[in-house]
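Below is one structure, written out as structure tokens; the observations come after it.
Computed from the coordinates by the stated procedures, all read-outs in this text should not be read as laboratory data. Keep in mind that this is a model prediction, so the values were computed, not measured. Here the Cβ is made from the backbone with ideal geometry for all residues, glycine too, and neighbour counts use every protein chain on show.
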Amino acid sequence: METGSGTETGTGARTGAGGDAGTGAHTGAGVEAPDAERLIEGLRVQTARFASAVHGLDPEATVPTCPEWRLRVLVAHIGQAHRWAAELVRTGRPAPVPDPADVDPGEPRGWAAWLHAGAAELAGAVREAPAGATVWTLVGPRPAAFWVRRMLHDTSVHYADALHTARAERDGGAGAGAGTGSRTDLGYEIDADLAADAVSELLELASLPEAVAALPALAALSGDGETLRLRPAEPDMAGWRITRTPAGVRWERGTAADAGADVTVTGPAADLLLLFARRLPPTAPGITITGNRPLLDHWLDHTAL
């Protein structure tokens with residue numbers, strides 16, 4: 001929740017003006033979190049980048065960072081997830097989580113149009129939602145904008161998966177997982193404010209009891225006060241400070257995040273996002289780690305959201 005000391009703290013979802021959870025909150029240090037329209041525009045752009053990344057690739061190629069999926073399934077996941085989220089916003093009620101293996105995204109030549117249509121459907125549902133209405137989510141009732149934010153950041157991470165698949169195809173099928181190389185080598189793009197919001201969302205989810213119940217590995221992130229600090233390379237961008245307490249993950253962003261920590265990770269916001277999403281390795285160029293590296297490794301090993 002937002003505090004009055006220029007710092008965003010996390011013991012669950014943020015709350016902003018009018019009791020809005022998950023969007024529109026101040027993040028401290030004079031930074032405004034993305035509002036619904038910014039998130040919608042981000043979803044449009046990142047969906048377009050994802051569509052461009054998968055264009056011309058083998059639909060049956062293995063996705064190195066999601067090796068249980070073929071590229072066709074990755075595309076099906078993005079397009080169906082957007083449509084599923086739109087249904088949740090329109091009805092406000094739960095619906096079964098779709099299995100992308102059961103979804104046919106059609107012929108590759110039609111993927112871009114199909115993906116854009118799904119993102120547009122979600123954007124329309126959020127814009128048409130009654131003011132102040134809450135909808136069902138996996139972590140309890142939230143405003144409709146929760147789902148465009150969730151799908152934006154999910155799409156942004158899977159866009160990196162598409163780029164890893166393209167790189168593996170260029171390399172003749174070599175490459176596994178996040179591999180090596182920098183974000184620039186991968187060709188990944190995202191605006192810094194959206195990358196930062198994705199990091200905040202990941203931390204929100206990791207700190208929610210509902211998420212821990214759904215993903216038992218997160219329970220291993222409890223601790224005895226160990227701290228991790230994320231320091232963006234962008235000038236004037238607020239960083240994050242994570243504390244592992246016996247009760248679970250606690251985090252803050254803003255002036256309080258400037259305090260020292262057991263391990264500090266420094267890099268552009270996009271690199272921090274890809275590192276915490278496990279799409280770049282800690283050794284990637286552009287990322288600097290000082291302090292207790294095993295503490296960071298343990299965090300990454302237990303945060304497959």
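Overview of values
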read-out: Segment 48-154: GluC sites (Glu not before Pro) in DSSP loop, at most 15 other beta carbons within 10 Å; value: Glu60
read-out: Semi-axis lengths, Å, the chain, gyration tensor of Cα atoms, sqrt of 5 times eigenvalues; value: 29, 25, 17
read-out: Proportion of all alpha-carbon pairs of segment 105-174 beyond 19 Å (%); value: 52
read-out: Point-charge dipole on Cβ atoms (K/R +1, D/E -1) for the chain, about Cα centre, debye to 20; value: 140
read-out: Computed magnitude of the charge dipole of segment 36-177 (debye, nearest 20; Cβ of K, R +1, Cβ of D, E -1); value: 500
read-out: Whole-angstrom Cα spans of segment 218-305 along principal axes, big to small; value: 33, 28, 22
read-out: Antiparallel DSSP beta bridges within segment 197-301, percent to nearest 5; value: 75
read-out: Computed helical MRE - 222 nm, the chain, DSSP H runs ≥ 4 contributing -39500 (n - 2.57), nearest 500; value: -13500 deg cm²/dmol
read-out: Segment 136-246: relative contact order as a whole-number percent, Cα under 8 Å and 6+ apart; value: 18
read-out: Per-selection metrics, segment 36-177 (Cα): Rg and Dmax in Å; value: 15.3, 51
